[in-house]
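To start, the structure itself, in structure tokens.
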Amino acid sequence: MSTLILYISQHGAAEKSSDILKTKLKDTPVDVKNLRKDVFNPENYENIILGCSIHAGHVQGKMKKFVKKNENLLGRKKVGLFITCMEEGAESQQYFTKNFDVTFLNKLKTKALFGGEFNFERMNFLEKAIIKKISGFTETVSHIDENKIENFAREFEG
Ligand SMILES: Cc1cc2nc3c(=O)[nH]c(=O)nc-3n(C[C@H](O)[C@H](O)[C@H](O)COP(=O)(O)O)c2cc1C
């Protein structure tokens, strides 16, 4: 048995979360792969955990396409989904239903929001301006919640 964490990340938060999650999964060997640039074969894994992030309410289109294209394959695996984002209220729970089909969401073993970070070092000029205006943050801040990642790992392996 083995587990694939397949992530896509704009400024590194979903990537960092994947690396933390890997350290918390105890039952199987874990490979972490970047959907944008790594070579991988999802058929080789019994468990697949998908990780992505929210920008202007949406997860990366490439992750949505991966889920649609691999519907049958994912139907045969144990699947988890995490999202990194900075919104924390009830509103943020809607990010799942706004971005993925309910059929896919219902078959997930575990899903969670891990929190997120604003990484000003990796934002472009426009992103910096938008984030400063909307959030009030002017410097890099991390709200990635390790407890949520730990809980995800325990539930996924439970
Ligand atoms: C341009 C931009 C738009 C964002 N829009 C949202 C949003 O609509 N809702 C939210 O909760 N977080 C939003 N965020 C915060 C990201 O979800 C957060 O930075 C996340 O950790 C990014 O993960 P990544 O670096 O793996 O892509 C936004 C961040 C940026 C830079």
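Scanning segment 56-74 for residues that are within 16 Å of K111 (Cβ to Cβ) and more than 15 Å from the chain's Cα centre (by Cα) turns up just one, L74. For segment 81-97, residues that are surrounded by 18 or more Cβ atoms within 10 Å (Cβ to Cβ) and assigned to a helix (DSSP H, G or I) total 2.
Across segment 38-80, which residue is farthest from I8 (Cα to Cα) among those that are part of a strand (DSSP E or B) and away from the ligand (no atom under 14 Å from the Cβ)?
First, the residues of segment 38-80 that are part of a strand (DSSP E or B): 47-53, 55, 58, 78-80.
Next, from what is left, pick out any that are away from the ligand (no atom under 14 Å from the Cβ): 47-49, 78-80.
Values: N47: 17, I48: 14, I49: 12, K78: 19, V79: 16, G80: 14 Å.
So, considering only residues that are part of a strand (DSSP E or B) and away from the ligand (no atom under 14 Å from the Cβ), the one farthest from I8 (Cα to Cα) is K78.
One residue stands out in segment 114-151 among those that are of a type in the set (A, V, I, L, M) and within 22 Å of S18 (Cβ to Cβ): the one that is surrounded by the most Cβ atoms within 10 Å (Cβ to Cβ), namely I149.
Considering each residue of segment 100-117, count those that are within 11 Å of the ligand (Cβ to nearest atom) and of a type outside the set (F, W, Y), and give that number.
Residues of segment 100-117 that are within 11 Å of the ligand (Cβ to nearest atom), as a first pass: 113-117.
Those still in the list that are of a type outside the set (F, W, Y) too: 113, 115-117.
Looking only at that region, the number is 4.
Among the residues of segment 118-142, what is the count of those that are in contact (Cβ under 8 Å) with a residue 12 or more places away in the chain and either near the ligand (Cβ under 8 Å from one of its atoms) or in a helix (DSSP H, G or I) (or both)? Don't jump to the end; show me each part of the working.
Here is the first cut: in segment 118-142, the ones in contact (Cβ under 8 Å) with a residue 12 or more places away in the chain are 118-123, 131, 135, 137-142.
Checking the rest, the ones that are also either near the ligand (Cβ under 8 Å from one of its atoms) or in a helix (DSSP H, G or I) (or both) come to 118-123, 131, 135.
The number of residues fulfilling the criteria is 8.
May I ask you to verify whether K33 is within 16 Å of the ligand (Cβ to nearest atom), touching a Leu at 6+ places or on another chain (Cβ under 7 Å) and over 20 Å from I144 (Cα atoms)? No.
Taking residues in segment 98-113 that are surrounded by 13 or more Cβ atoms within 10 Å (Cβ to Cβ), and partners anywhere that are among the aromatic types (F, W, Y) and modelled with pLDDT of 95 or more, the pairs with Cβ atoms closer than 6 Å and at least 6 places apart or on different chains are L105/F96; K109/F156; T110/F152; T110/F156; A112/F82; A112/F152. Out of S53, S17, one residue alone is out of contact with any Phe, Trp or Tyr (no Cβ under 7 Å at 6 or more places or on another chain), surrounded by 13 or more Cβ atoms within 10 Å (Cβ to Cβ), within 25 Å of E127 (Cα to Cα) and modelled with pLDDT of 95 or more. It is S53. The residues in segment 6-29 that are within 13 Å of the ligand (Cβ to nearest atom), in a helix (DSSP H, G or I) and either in contact with a Gly (Cβ under 6 Å, 6 or more places away or on another chain) or among the hydroxyl-bearing types (S, T, Y) (or both) can be counted, and the count is 4.
For segment 143-158, how many residues meet the condition of being in a helix (DSSP H, G or I) and closer than 17 Å to T84 by Cα? Of the residues in segment 143-158, 8 are in a helix (DSSP H, G or I) and closer than 17 Å to T84 by Cα. With respect to the stated conditions, G89 is under 22 Å from N151 (Cβ atoms), free of Cβ contacts under 8 Å to residues at least 12 places away in the same chain and either over 15 Å from the mean Cα position of the chain (by Cα) or more than 8 Å from the ligand (Cβ to nearest atom) (or both).
The values are calculated or read from the model by the stated rules, or taken from the named source; none is laboratory data. None of the values given here were measured: they were computed from a predicted structure. Because the Cβ atoms are built from the backbone with ideal geometry, glycine has one as well, and the counts that use them run over all protein chains shown.
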